[in-house]
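The values are calculated or read from the model by the stated rules, or taken from the named source; none is laboratory data. All values derive from a computational prediction rather than experimental measurement. Counting neighbours? That spans all protein chains shown, and the Cβs are built from the backbone with ideal geometry, glycine included. Areas reflect the complete protein model, heavy atoms only, side chains present, ligands, DNA and RNA absent. Shrake-Rupley method; radii C 1.70, N 1.55, O 1.52, S 1.80 Å.
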Amino acid sequence: MSPPPAALAADFPLLRWSPPVPVKRRRLAALGPLLLGPGVLAMLGENDGPSMLSYATSGASYGLGFFLPFILVTFAAAYCVQEMAMRLGVASGRGYGELMFQRFGRGWGWISAVDLILTNLVTLVTEVIAIRLGMGFFGIPAWVAVVFAVLLVAGGAATGRYARWERVAAGLALFNLAFVAVALLARPDPGAITHALTSWDAPKGAGAGDFLMMVASTIGATVTPWMLFFQQSATVDKGLSGPGTSGEAAIRTGRLNTAMGAVLAAIAGGGALVAATPLFTQHIDMAAYLQGGGFAQALSPLIGRTGAALFALGLIEAGAVAMLTISASGAYAVGEMVAGAVCSFDAGPRRAPLFHAVNVGTALVAGLVVLIPGAPLMDIVMNANLLATILMPAALVFLLILANDPVVMGAHVNGRLTNMAGIAITVAVTLAGGAYAVVAFLDTVGLHVL
């Protein structure tokens, strides 16, 4: 990795060890936007099981109107946030967890790490559920889905190199575009799509509570805390700012890679929404399907068995990629907090026992939760993105502070426009989560709004 700013290196020596970046990999990294990297994986990893179900629920409940352009806005916000995380990794040579520990102290560092692990566990449960729902469409038992999810994470860790792990994750992530194929099989009206994107009409007849829940859930489907930990730490682990590559070149590479991921993820997310709109136009009640095979079953008579099967395969892929990236984000966060710990996919379990134990352990715990008889699995799925929205404002505040710290960033501190966008995103996420919480409380006590 490139040397961090002198003040940071003097005051805060690296807590963890990372193996040197092989020369071949350094040369590959110089190819930049031609390769898939942390930016693409973070964005497509965020198109996980609950996110795609959230997009599909928006399409089934409200049609194209409001939420199709809203998805594009949220991914533009995600790019802004993830660009800062990437730039932090390049400028400091440290992961997000390590910087939290060093700049804000052990208390805030461990709070952020523990908070991330607990949130990741909830989210990983939803990923296993998504894999279970997708496989269930093909008649595969639940326990097979759980074993697949855990073995996938363990197998990725066993590759022994970040580059190999990244190729496995990226290969799976590209199948996120299966939702685009499902959208085409749904035969959407091009004029209706154009109208939705250009007019951005508010949905009519929508209850305030349900509508705000979908808004908050859509935000939580694109801007989440784990992405910060993952992209910044993976940028360091990949060696994007390794010897022979200037910080400016690495940042250009990271920006292109993150933008590529945002575009691909927005297209796939929009595809999931469009694919489910036949349920809206045909007035299909999803209540009968949510506890069973889900959207794939409901869509089968409307778009055909092939389209429904592709939707189910897309859910399996979405859960699988998220299993890899989200479990990795927790492993990075915990590993970076322990002085002298090896924290890299380039090191095997013997050299990095804590890193790999957290990586595989969280996946295993999530899988076991899914197998608990009577566990409220669908309630967990429906609320996972809401949890991310509620927890994100604090992470955004810390991110903005770090990205404006010249000791950490050197010459790569935020510019004025980036700060304005970051502050606007933080305010918007806070308002969305807060508004839903208020309306949900009023509905609970019988004071219904609108």
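Suppose every Lys and Arg Cβ carries +1 and every Asp and Glu Cβ carries -1, with no other charges. What dipole size does the range 137-272 come out with about its Cα centre, to the nearest 20 debye? Don't skip to the answer; put the middle values down first.
Details: 8 positive and 6 negative charges, 72 e Å.
I would put it at about 340 debye.
³J(HN,Hα) across the range 60-74 via Karplus (A = 6.51, B = -1.76, C = 1.60, θ = phi - 60°), whole Hz, x for Gly/Pro?
My calculation for the range 60-74 gives 6, 8, 10, x, 7, x, 7, 7, 5, x, 5, 4, 5, 5, 5 Hz in order.
Using a 1.4 angstrom probe on the protein heavy atoms only, line up MET420, MET260 by accessible area, largest first. Numbers along the way, then the final one.
Numbers: MET420 105, MET260 60 Å².
The residues order as MET420, MET260, largest area first.
Can you tell me the accessible area per residue over the range 305-432, all protein chains present, probe 1.4 angstrom, in square angstrom? Don't skip to the answer; put the middle values down first.
Working: 4790 Å² over 128 residues.
Result: 37 Å² per residue.
Could you state the number of Å between the C-alpha centres of the range 147-174 and the range 222-237?
Taking the Cα centre of each part, the range 222-237 and the range 147-174 sit 17 Å apart.
Roughly how many percent of the accessible protein surface of the range 80-213 is carbon and sulfur, given a 1.4 Å probe and a whole-percent answer? Mind showing how you got there, number by number?
Details: 3760 of 5480 Å².
Its accessible area is 69 percent carbon and sulfur atoms.
Long-range amide H contacts for VAL342: which residues qualify at under 5 Å (H placed 1.01 Å from N, peptide plane, sequence gap of 5 or more or a different chain)?
Amide H neighbours of VAL342, under 5 Å, 5+ apart: TRP17.
Tell me, in nm to one decimal, what length is gained between ASN404 and ASP379 on full extension, where the rule is 0.36 nm per residue of separation less the Cα-Cα distance?
Numbers: separation 25, 0.36 × 25 = 9.00 nm, distance 3.87 nm.
Full extension of this stretch gives 5.1 nm more.
What accessible surface, in Å², does a 1.4 Å probe find on TRP226, ignoring ligands, DNA and RNA and rounding to the nearest 10?
TRP226 exposes around 10 Å² with every protein chain in place.
Counting only the heavy atoms of the protein chains, how much of HIS195 is accessible to a 1.4 Å probe, in Å² to the nearest 10?
It works out to around 100 Å².
Give me the percent of the accessible area of the range 253-385 that comes from carbon and sulfur atoms, probe 1.4 Å, all protein chains in place. List each step's numbers first, then the result.
Values: 3170 of 4740 Å².
Using a 1.4 Å probe with all protein chains present, the range 253-385 comes out at 67 percent carbon and sulfur.
Leaving ligands and nucleic acids out of the surface, order VAL128, VAL334 by accessible area at 1.4 Å, largest first.
VAL334, VAL128
Convert each backbone phi in the range 148-161 into a coupling constant with the Karplus relation 6.51 cos²θ - 1.76 cosθ + 1.60 (shift: θ = phi - 60°), then list the ³J(HN,Hα) values in order as whole Hz, x for Gly and Pro.
Per-residue couplings from phi come out as 4, 4, 5, 5, 4, 5, 5, x, x, 5, 7, 5, x, 9 Hz.
How much area per residue is accessible in the range 77-226 when the probe is 1.4 Å and only protein heavy atoms are counted (Å²)?
Numbers: 5680 Å² over 150 residues.
Ligands and nucleic acids excluded, the figure is 38 Å² per residue.
Which of rounded, prolate, oblate describes the range 116-188, given a ≥ b ≥ c as roots of the alpha-carbon gyration tensor eigenvalues and a/c under 1.5 marking rounded, otherwise prolate only if a/b is larger than b/c? Before the final figure, lay out the partial values.
Values: a/c = 1.79, a/b = 1.30, b/c = 1.38.
It comes out oblate by the Cα gyration axes.
Using only protein heavy atoms and a 1.4 Å probe, report how much of THR362 is accessible, in Å² to the nearest 10.
Looks like 20 Å² after rounding.
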